[in-house]
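Student: Okay, here's the structure, questions in a sec.
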Amino acid sequence: MRTMQSKLVISILLMVNINLFSQQIKQKTKYLLATFHTQNTTINGISFGAYPQPKHKRFVRTNGIRLEFPGIGILGLFRNDFAAEKPDEIVNGINLSGGTMGDLAYNGLTVALFGQNGVINNGVAIAGLSNVMNKSNGIQLAILGNGTKVMNGLQISAWGNYAVKANGLQISQNNTAATIKGFQLGGFNSADTLKGVQIGVFNNPETTDQKFKGIQIGGGNYAAEFKGVQIGIFNKSNKTHGLQIGLFNINEKRSLPILNWNFKK
């Protein structure tokens, strides 16, 4: 009997807590035009505001067009970290701003006059200065630079691209990735681990732990551990399994002009 009473009390308490929690996160729905300076709201239409609220767990969703002016994107130049791991605002459609700095998820197109950052970009992110996302599935275009922890797609900028893990193509004056599967095309390309192609003036400024599989084409090509083909004016690899074609080539076996090789472990 006591066991049944205990179970009944626990069930009632659970139902009360679930009901209170549901009330706390109850979503409101607004149509046509509404501000995103709110909480627990889905906006179907156009949302607007001056800047994202610096408050977590807002649960705001825009299905349509989000307008943010003036925005605080210019402050992104002084920000040296990424957004939170989970978004508190989601945009399904188009985001237009002077610059969006917040924990947002962009699904579609996001355009900023200055800089923008967010949790994830699923689509196209275009910025006058910079794009910084935790994860980018799609395209990042910026004048100054692009940065992301995980990039699946394309990064294009005039000055620099950075990714911790990249699957796709980086095009810029300076391309940097800790790990990349794909292509780096630019003036200076650097990666700790790369499977693919580097084309640039200088590829992989020399470190002690780089691992490269693929093709390097440039004025100077470097790799700590290399499998593939190096084509350039100067080629160097500390541990080689492949060919070196250039004016001067260095590997662990020998130094030769024009052509060098090593296929032994």
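The values are calculated or read from the model by the stated rules, or taken from the named source; none is laboratory data. Everything numeric here is computed off the predicted structure, so don't read it as measured data. Glycine also receives a Cβ, built like all others from the backbone with ideal geometry; neighbour counts cover every protein chain displayed.
Student: Within region 156-176, take every residue that is surrounded by 24 or more Cβ atoms within 10 Å (Cβ to Cβ) and among the aliphatic types (A, V, I, L, M) and give me the one that is nearest to LYS195 (Cα to Cα). If you could, list the steps in order and put the result at the bottom.
Tutor: Taking region 156-176 first, the residues surrounded by 24 or more Cβ atoms within 10 Å (Cβ to Cβ) are 157, 161, 163, 166, 170, 172, 175.
Checking which are among the aliphatic types (A, V, I, L, M) leaves us with 163, 166.
Working: ALA163: 15, ALA166: 11 Å.
Only one residue fits best here, namely ALA166.
Student: Which members of region 83-93 meet the condition of being farther than 16 Å from THR42 by Cβ and buried (at least 18 other Cβ atoms within 10 Å of the Cβ)? Even if it seems obvious, please write down each step before you answer.
Tutor: Looking only at region 83-93, we keep the residues that are farther than 16 Å from THR42 by Cβ, and these are 83-86.
Once the filter is applied, which keeps residues that are farther than 16 Å from THR42 by Cβ and buried (at least 18 other Cβ atoms within 10 Å of the Cβ), region 83-93 yields only ALA83.
Student: Further question: Please find, among GLY232, GLY214, GLY186, the residue that is more than 28 Å from the chain's Cα centre (by Cα) and either modelled with pLDDT of 95 or more or not assigned by TED's automatic domain parsing to the domain that holds GLY153 (or both). Write out each step before concluding.
Tutor: Values: GLY214 fails: more than 28 Å from the chain's Cα centre (by Cα); GLY186 fails: more than 28 Å from the chain's Cα centre (by Cα).
Just one listed residue meets the conditions, GLY232.
Student: Next question, about the same structure. If a residue must be modelled with pLDDT of 70 or more and closer than 14 Å to LYS57 by Cα, how many such residues does region 9-41 contain?
Tutor: Here is the first cut: in region 9-41, the residues modelled with pLDDT of 70 or more are 26-41.
Next cut, closer than 14 Å to LYS57 by Cα only: 26-27, 36-41.
Matching residues across region 9-41 total 8.
Student: In addition: Quick check on my filter: what residues within region 125-155 are of a type in the set (A, V, I, L, M), crowded, with 17+ Cβ neighbours inside 10 Å and either closer than 22 Å to ASN203 by Cα or not assigned by TED's automatic domain parsing to the domain that holds TYR106 (or both)?
Tutor: If the condition is that a residue be of a type in the set (A, V, I, L, M), crowded, with 17+ Cβ neighbours inside 10 Å and either closer than 22 Å to ASN203 by Cα or not assigned by TED's automatic domain parsing to the domain that holds TYR106 (or both), then LEU144, MET151, LEU154 are the ones that fit.
Student: Then there is this: Here is a list of conditions, (1) at pLDDT below 95; (2) farther than 20 Å from PHE59 by Cβ, and VAL111 meets all of them except one; can you say which number that is?
Tutor: The one condition VAL111 does not meet is (1).
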